[in-house]
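Everything on this sheet refers to the single structure shown next.
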Amino acid sequence: MRIGELARRAGVSTRALRYYEQQGLITAGRKANGYREYGEADLKLVTEIRSLLGVGFTLEDARPFVACLRAGHASGGSCPESVAVYRRKLAEIDDEIRTLLARRAEVAGQLTESCHGCVLRKQR
């Protein structure tokens, strides 16, 4: 399929696909006329990349997942390198949650100190 079709099917721009190619995450074949040519495997790679980006991973984080798919695994997350990225990302998220909870407690304390009659909403 050509770049426009891949972009449409993956729900990304052609510019994004060119960028992923520039970053070495996908590789296009070339037709005699110079047009990029992609296969179904490329659609799976782009879908994996977009899914990871959608939950906060970086393109660099996506590399092991792409490599895992290229190696023939059914899931980009089934290789040890990908699992390591998942674990690192979860640790980062846990740190962010702790930071946010500490900030929330600080702001709640300031509110309580400043507004004695104010009622705080419960955390979910």
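None of the figures in this text is laboratory data; all of them are computed from the coordinates on show. Nothing here was measured: the structure is a model prediction, and the numbers come from that model. All Cβ positions, even for glycine, are placed from backbone atoms using ideal geometry, and neighbour counts span all protein chains on display.
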How much net charge surrounds Lys31 when only other residues with a Cβ under 11 Å from its Cβ are counted (Lys, Arg +1; Asp, Glu -1)?
-> +2
Using a Gaussian network model of the chain with C-alpha springs under 10 Å, which one of Val107, Val83, Val66 is most mobile by mean-square fluctuation?
-> Val107
Amide H neighbours of Glu37 under 5 Å, counting only residues 5+ apart in sequence or on other chains, H built in-plane at 1.01 Å?
-> Gly29, Arg30, Lys31
Which of these, Leu90, Leu43, Leu100, has the largest mean-square fluctuation under a Gaussian network model of the chain (Cα springs below 10 Å)?
-> Leu100
Obtain the nm distance between the two label points defined at Leu43 and Tyr19 by a simple spin-label model: each point lies 7 Å from its Cα along the Cα-to-C-beta direction.
-> 2.3 nm
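Which helices count as membrane-span-like in the chain under these terms: full DSSP H, at least 20 Å along the axis by C-alpha, Kyte-Doolittle mean of -0.5 or more? It would help to have the intermediate numbers written out before the result.
Values: long enough: 40-54 (21 Å, 0.33); 80-114 (51 Å, -0.43).
Long hydrophobic helices here: 40-54, 80-114.
Mind checking the dipole of the chain: about its Cα centre, +1 per Lys or Arg Cβ, -1 per Asp or Glu Cβ, Debye to the nearest 20? All intermediate terms of the calculation are to be shown ahead of the outcome.
Details: 21 positive and 15 negative charges, 82 e Å.
Rounded to the nearest 20 debye, it is 400 debye.
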Expected max-MSF residue from Lys31, Lys44, Lys89 in the GNM of the chain (alpha carbon, under 10 Å) is Lys31
How big is the convex hull of the Cα atoms of the chain, per residue, in Å³?
-> 143 Å³
Quote the FRET efficiency, to the nearest 0.05, computed for Glu81 versus Gln110 with a Förster distance R0 of 35 Å and r equal to the Cβ-Cβ distance.
-> 0.20
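Using helices alone, what [θ] at 222 nm do you get for the chain, with -39,500 (n - 2.57) per DSSP H run of 4 or more residues, divided over all residues and rounded to the nearest 500? Could you put the intermediate results ahead of the total?
On the way: 5 runs with 79 residues, N = 124.
Helices in the chain give a 222 nm mean residue ellipticity of -21000 deg cm²/dmol.
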Counting Lys and Arg as +1 and Asp and Glu as -1 over every other residue whose Cβ sits under 14 Å from the Cβ of Ala7, the net charge comes to +3
